[in-house]
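Below is one structure, written out as structure tokens; comments come after it.
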Amino acid sequence: MIHKYNSINFYLGNEIRKMREGRGYTQSQFAEICGISRAYYGRIERGEYNVTVELCKKIADGFGCHISELFINLPT
């Protein structure tokens with residue numbers, strides 16, 4: 001079993017959370033902007049789901065950024 005702190009999903013979720021908080025959105029507000037449920041969005045931030053490229057695009061659009069910005073600060 002892969003520990004969650006070694007999971008790319010954990011790091012991506014953490015990066016998305018930092019971006020959301022930096023823009024002053026609650027999880028509920030940002031989930032609504034992205035068109036997904038708050039519960040599902042919360043699981044993304046906790047790294048519990050493999051996020052599809054399509055969903056990454058929705059999240060990037062919600063931030064008003066290019067999809068690549070979601071991945072810039074992830075560990076290699």
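Listed values, structure above:
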{"read-out": "Identity of the residue in the range 6-37, among the hydrophobic types (A, V, I, L, M, F, W, C), closer than 15 Å to residue 62 by Cα and assigned to a helix (DSSP H, G or I), that ends up most open to solvent (accessible area, probe 1.4 Å)", "value": "33"}
{"read-out": "Per-region count, the range 56-70, residues open to solvent by 90 Å² or more (accessible area, probe 1.4 Å) and within 13 Å of residue 14 (Cα to Cα)", "value": "0"}
{"read-out": "First in the range 36-49 and among the hydrophobic types (A, V, I, L, M, F, W, C), second anywhere and outside any loop (DSSP other than H, G, I, E, B) and modelled with pLDDT under 95, Cβ under 9 Å, 6 or more apart", "value": "44/9"}
{"read-out": "Any hit, the range 38-55, residues being open to solvent by less than 40 Å² (accessible area, probe 1.4 Å), of a type in the set (Ser, Thr, Tyr) and either in a helix (DSSP H, G or I) or modelled with pLDDT under 95 (or both)", "value": "yes"}
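The values are calculated or read from the model by the stated rules, or taken from the named source; none is laboratory data. Since we're looking at a predicted model, the values are computed, not measured. Cβ sites come from the backbone with ideal geometry, for glycine too, and all protein chains shown count toward neighbours. SASA here: full protein model, heavy atoms, side chains in, ligands and nucleic acids out. Shrake-Rupley method; radii C 1.70, N 1.55, O 1.52, S 1.80 Å.
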